[in-house]
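Presented below is the structure to which this report refers.
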4 protein chains.
Amino acid sequence: MRETVGVAFIGAGRMGLSHARTLGGIPAARVVVVADPDLEAARRGQALCGAETATSDIDAAIGAPGVEAVMIVTPTNTHAALIQKAARAGKAVWCEKPIALTLAETQQTLEVVEAAGVPCQIGFQRRYDPGYAQARRLIEEGKLGKLEAFRALSRDTYLPSPQSLPPSGGTFLDMSVHDFDLARFLVGEVEEVSAWGAVLAHPMFADADDCDTAVCMLRFESGVLGVVEAARHSNWGYDIRTEVAGSEGKVVIEAPPKTPLQHFTGFQNHTDVYLNFPDRFEQAYRSQMEAFFDALLQGKTPTPGPRDALETLRICLAAKQSWKQGRPVKVREVRD
Amino acid sequence: MRETVGVAFIGAGRMGLSHARTLGGIPAARVVVVADPDLEAARRGQALCGAETATSDIDAAIGAPGVEAVMIVTPTNTHAALIQKAARAGKAVWCEKPIALTLAETQQTLEVVEAAGVPCQIGFQRRYDPGYAQARRLIEEGKLGKLEAFRALSRDTYLPSPQSLPPSGGTFLDMSVHDFDLARFLVGEVEEVSAWGAVLAHPMFADADDCDTAVCMLRFESGVLGVVEAARHSNWGYDIRTEVAGSEGKVVIEAPPKTPLQHFTGFQNHTDVYLNFPDRFEQAYRSQMEAFFDALLQGKTPTPGPRDALETLRICLAAKQSWKQGRPVKVREVRD
Amino acid sequence: MRETVGVAFIGAGRMGLSHARTLGGIPAARVVVVADPDLEAARRGQALCGAETATSDIDAAIGAPGVEAVMIVTPTNTHAALIQKAARAGKAVWCEKPIALTLAETQQTLEVVEAAGVPCQIGFQRRYDPGYAQARRLIEEGKLGKLEAFRALSRDTYLPSPQSLPPSGGTFLDMSVHDFDLARFLVGEVEEVSAWGAVLAHPMFADADDCDTAVCMLRFESGVLGVVEAARHSNWGYDIRTEVAGSEGKVVIEAPPKTPLQHFTGFQNHTDVYLNFPDRFEQAYRSQMEAFFDALLQGKTPTPGPRDALETLRICLAAKQSWKQGRPVKVREVRD
Amino acid sequence: MRETVGVAFIGAGRMGLSHARTLGGIPAARVVVVADPDLEAARRGQALCGAETATSDIDAAIGAPGVEAVMIVTPTNTHAALIQKAARAGKAVWCEKPIALTLAETQQTLEVVEAAGVPCQIGFQRRYDPGYAQARRLIEEGKLGKLEAFRALSRDTYLPSPQSLPPSGGTFLDMSVHDFDLARFLVGEVEEVSAWGAVLAHPMFADADDCDTAVCMLRFESGVLGVVEAARHSNWGYDIRTEVAGSEGKVVIEAPPKTPLQHFTGFQNHTDVYLNFPDRFEQAYRSQMEAFFDALLQGKTPTPGPRDALETLRICLAAKQSWKQGRPVKVREVRD
């Protein structure tokens, strides 16, 4: 591994093609092959990232000559097996979040990765957004003093499809997972969670035994208190806001107007809001990949890794169980 | 009552003098007398609001000739008795919040006021802030669609004095009361509360059996979910933010920069934050008084009234009990 | 003059009534009399500021017992004579801008005031807006380093009436006067002006030999360069923006959103703009009066005074002549 | 020309390498060769854009097999000759602005391009910034009504090197050129210019017979009035603001905070400002290249073309001559 890293890119669905396009703009990546069970999709991915070949044979792609790293953007329920396969083949791994929806499968994957000793990064892209990254720097530098409060709000723009609900694990595992990961990234480990959910936006959530609106209290191990809110639709655009407050200051991470234009008319000023995660986190998606390849080329451990995925999953499950059971849940005691 | 209303103004402490000054700028108010047990203080109040006389005899002030309305800005533990005395004397009443710290005393005062049939307004000034007032209008006009979520954050700037803590009723009754009142004003009645508190800012709160940092979940009778956060100090200024989100839009009520000036230097833009409630809510303090006198002169019922104080107090007590007892509390079932 | 100042308030037209109301909220002012040729108008003013009496006899008002200061909010063409009359009677004077529309009349008034040795303040209220005041402080403290550039934009909301155009002196004397005064207040004296005008909004401006849209370049005596823009109507609200840039930083003075509320819907964020000068400069109108009475009570010279009115008028005339004559004009060489 | 376009990329200096990196992320570009007299530089460019080869022979690059388009990012004084050479070879051309610093050379190049009938795009990237592009759309849709005013401010962050001043053509040709191009893009052709310049930031500008601070008035053919300001250094970051106002509304194009983070501390809110054109216009640099390749692949005429470069240069020269000669200059009458 000198100046470029040979890559096998697995998965050419909607999210996969988006990542493939991003990958195409990263000079450190030399994409050997794009693989997808649907060969046509694989070829579309190949065009977007400038890969040498495309294939429908995923195993062959992982083992292809010149492949040093495997990037996995497949359906969630295939992540764990593919990570393990790539790790056992001695490849560095980048995988979209989550590893799996159970602690058992996540834990087992973590063990395989650690046993193989390969670098492994999980796609919690928000950590690489310039806002969240700077928040972390300011906190580490002590600019916020002793931390006291955390707050996260996430509102997706478009309702998910009914079919996507059961395999997603539900609102806490599918949406709040990003906020719980940021809670850990910015403040530290969470000790206890108390959550409420409701179905206010669409009855399909009730049918799926899920909620579309949720609120949640967090107590961190350090004593800091937090709240997390989630909602599954928004007519005003993608709404992501995170706050960390301490004795010396506060940071708020929230997108400024999307378009650098103010339109004044009728005694009002109108500005644009980001549509969805691809435009809000465009830079973060690129930066997390650049960080992965930088780490590989410099022999550093990429981050966040599978242990982050495991600890964040614990909080998701604690929140879900808290809602279902109507009681606070300790994160350490959570079981699948 | 034609063009002006004769007023007895009771209480010339720090908050009283601030209100007296505001009162001095209201043409509809003709201030007959300012009363305070400390005659020197009463005279300072007299100067600020242009009152005809000052006295240390509160009973005499309430009964003074020409007095049609009594305004009460005394220590909290005297509010109920003074409201009752003024109401029994047939005077209109304006009183700083709260009426009392118990449901029993608040309920009894409400009954006296209703029996006397006098107008009575309680000083939840935020309802008269242009931001909150416009939020209410937009919600009533249906601009937010079906409501789904409420969020309120309040951070006071300066720590209270240790002596003030026990008589205040604690963080939920003293600070969050404003947010709970706004929850009712903007969304509707609250069914259930779950709250956590912590002492992170100063040990005096532990000594007073109080918390300085709190988070709280609300479930409204309509099914809407909410969160309320409170903290007792801030080095970045007075931090009040309220959000209401629905199927068709969201409103955020938060102060814009205090000074209409941006200072660019060193690759940053620096803007001022409001210091504290007197500057953040200066206009609301004036508007609530104007609304009181407008109501009196036009024969309308001023709002918010003692029933609002009672219902809001229930939520405060539910939150406090939830925190103390470690369980969700139904607002309807709350007892002193 | 101890704690209050006895005032004769002259002029109860639209602007006069607005000022009278402001005056009513200033404890240091004891309003003896409101005078207006229209006695009914005077009585309305009396009610708004709580004056002791009202009269249609302006001379009597100026000479009334207890009157220490005369406030003049009459039509522009009466300002100079009234200031002189009040000054000769030994009264302190506050007068709306401008003193007059000619250098000769302004100069003569200045001489009368100086000969009488009375305090005299002219109503350039923007200097008392918190934004402009803070800009001045930052500049004086050296926070902007060596100044390099000035920029001012003013857009009124509503077109003036056709009748008001000729007596106003035109766009440069009526509107840009505020920006030229700020140029002097923030940067210093102006050496040369070059201006262009156009009629784009309404033909009545052409009929009045005036323009409704104007641009102007300023060269300050210090070498700083500036631009001033003016326009007479706006469908998006009152649009006032001023910038001063230097080697170490820049200040921008511009109103933040009028209402402390953001309304998100339809992938946009909508905020309110100020309607017009009364709401944009409400605080400045109050502060300039408070400053006048503070100066009187403390024996200080109130500011800005008649010399500021004179020097600012020179720039207005220079701009107007530059536009009419199609050439740059030196401010020092300007004649009526 | 089907799905990709074969490219010869000429020039691997600082700006060239930046463009080469951008080019590397554009799937429609197949970079055949990077050429620079300095072969080492060419090889750095090759790595950044994934080119097949690198060479120090520019003529060979233009004529290389598979090359359909030539991209030119060389020193300004070589632009015209290289555009002509590429055009005569029948290649599509993309060239950084300007074509040349004289009307004669620009006109001659335009004629060669038109005679050759090849597509040619000049790098006025701001037209592809989402803010400016949306401004144009709103204006074309009539959302601003009848246009009345234009205003542009440009402040570069870092002073240029003394050596770069003479070949740059000076502040009006080097910096204001972007604002003059936007004036034409958003409002239309300019009829007359009046400009003032000063040396306030650094004496090297006087030595180069140039200015570092400039203001300028524009009169458009439609009667609209405008101002343009320019300054050569800024300690608060890259400061670009453009406004267009009309009878029905106003647009302001200005970057929102660079980092999506607000840092509150010490009673202030602090946000980041963009450093310089590469970060402020990162998206525009990419979008203008995408637009070039889209136009080639779809057989459309790319824009802006050499005629835009010519018309914009006229305004630059008019402003420079206005400053030097101390009089307004008609754009149509300008000569080299």
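The values are calculated or read from the model by the stated rules, or taken from the named source; none is laboratory data. The model shown is predicted, which means the values in this text are computed figures rather than measured ones. Methodologically, a virtual Cβ is constructed for each residue, glycine included, from the backbone with ideal geometry; neighbour enumeration extends over all protein chains shown. The area values use the complete protein model at the heavy-atom level, side chains included, leaving out ligands, DNA and RNA. Shrake-Rupley method; radii C 1.70, N 1.55, O 1.52, S 1.80 Å.
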Number of positions in region B:268-291 that are open to solvent by 50 Å² or more (accessible area, probe 1.4 Å) and part of a loop (DSSP other than H, G, I, E, B): 1
For the subset of region B:95-130 comprising residues that are under 17 Å from the mean Cα position of the chain (by Cα) and polar (S, T, N, Q), which member is nearest to the other protein chains (Cβ to nearest Cβ)? B:Gln125
Scanning region D:292-321 residue by residue, those open to solvent by 50 Å² or more (accessible area, probe 1.4 Å) and acidic (Asp, Glu) turn out to be D:Asp294
Scan region B:292-336 for residues that are assigned to a helix (DSSP H, G or I) and among the polar types (S, T, N, Q) and jot them down. B:Gln298, B:Thr312, B:Gln321, B:Ser322, B:Gln325
Hey, can you tell me all the residues within region C:68-90 that are in contact with a Lys or Arg (Cβ under 8 Å, 6 or more places away or on another chain) and in a strand (DSSP E or B)? C:Ala69, C:Val70
Being touching a residue at least 24 places away in the same chain (Cβ under 8 Å), within 30 Å of C:Val199 (Cα to Cα) and open to solvent by 30 Å² or more (accessible area, probe 1.4 Å) narrows C:Pro167, C:Pro119 down to just C:Pro167
Looking at (1) in contact with a strand residue (DSSP E or B) (Cβ under 6 Å, 6 or more places away or on another chain); (2) open to solvent by less than 10 Å² (accessible area, probe 1.4 Å); (3) touching a residue at least 60 places away in the same chain (Cβ under 8 Å), find the lone condition where B:Leu110 falls short. (1)
Out of (1) open to solvent by 40 Å² or more (accessible area, probe 1.4 Å); (2) touching a residue at least 60 places away in the same chain (Cβ under 8 Å); (3) away from chain D (no Cβ under 14 Å), the odd one out for A:Arg219 is which? (2)
If you scan region C:62-82, which residues turn out to be over 12 Å from C:Ile122 (Cα atoms), of a type outside the set (Val, Ile, Thr) and touching a residue at least 40 places away in the same chain (Cβ under 8 Å)? C:Ala64, C:Gly66, C:Glu68, C:Ala69, C:Pro75, C:Asn77, C:Leu82
Only one of these conditions is not met by A:Ser164: (1) away from chain C (no Cβ under 14 Å); (2) of a type outside the set (Phe, Trp, Tyr); (3) in a strand (DSSP E or B). Which number is it? (3)
Only one of these conditions is not met by C:Arg286: (1) touching a residue at least 24 places away in the same chain (Cβ under 8 Å); (2) away from chain B (no Cβ under 14 Å). Which number is it? (2)
Report, by residue number, each residue of region C:226-267 that is more than 10 Å from chain B (Cβ to nearest Cβ) and either open to solvent by 30 Å² or more (accessible area, probe 1.4 Å) or in a loop (DSSP other than H, G, I, E, B) (or both). C:Arg232, C:His233, C:Ser234, C:Asn235, C:Trp236, C:Gly237, C:Tyr238, C:Ser247, C:Phe267
Against the definition (part of a strand (DSSP E or B) and more than 14 Å from chain B (Cβ to nearest Cβ)), how does C:Arg184 come out, yes or no? no
Within region A:139-151, can one find any residue that is under 18 Å from A:Gly11 (Cβ atoms) and of a type in the set (A, V, I, L, M, F, W, C)? no
Do we have any residue at all in region C:190-201 that's within 12 Å of chain D (Cβ to nearest Cβ), under 23 Å from C:Tyr132 (Cβ atoms) and open to solvent by 20 Å² or more (accessible area, probe 1.4 Å)? yes
Which residues, taken from region D:47-67, are crowded, with 17+ Cβ neighbours inside 10 Å and either within 14 Å of chain A (Cβ to nearest Cβ) or not in a helix (DSSP H, G or I) (or both)? D:Ala47, D:Leu48, D:Cys49, D:Gly50, D:Ala51, D:Ala54, D:Thr55, D:Ala64, D:Val67
Name the one entry in C:Asp209, C:Asp179 that is open to solvent by less than 10 Å² (accessible area, probe 1.4 Å) and in contact (Cβ under 8 Å) with a residue 12 or more places away in the chain. C:Asp179
Inspect all residues belonging to region C:131-152 and state whether any of them is open to solvent by less than 10 Å² (accessible area, probe 1.4 Å), at the interface with another protein chain (Cβ under 9 Å from one of its Cβ atoms), of a type outside the set (Asp, Glu) and in a strand (DSSP E or B). yes
Taking the condition of being assigned to a loop (DSSP other than H, G, I, E, B) and away from chain B (no Cβ under 14 Å), how many residues in region C:1-16 meet it? 4
If I filter region B:68-94 down to residues being polar (S, T, N, Q) and under 15 Å from the mean Cα position of the chain (by Cα), which single residue comes out as least open to solvent (accessible area, probe 1.4 Å)? B:Thr74
Residue satisfying all of: in region A:245-273; β-branched (Val, Ile, Thr) and in contact with a Phe, Trp or Tyr (Cβ under 8 Å, 6 or more places away or on another chain); nearest to A:Pro130 (Cα to Cα) among these: A:Ile253
Filter region D:17-42 for residues that are part of a strand (DSSP E or B) and in contact with a Phe, Trp or Tyr (Cβ under 8 Å, 6 or more places away or on another chain); the one that is farthest from the other protein chains (Cβ to nearest Cβ) is D:Ala35
Inspect region B:153-161 for any residue being surrounded by fewer than 23 Cβ atoms within 10 Å (Cβ to Cβ), in contact (Cβ under 8 Å) with a residue 40 or more places away in the chain and assigned to a helix (DSSP H, G or I) and give the result as yes or no. no
Looking at the structure I just gave you, is B:Phe172 over 21 Å from A:Thr213 (Cα atoms) and in contact with a helix residue (DSSP H, G or I) (Cβ under 9 Å, 6 or more places away or on another chain)? yes
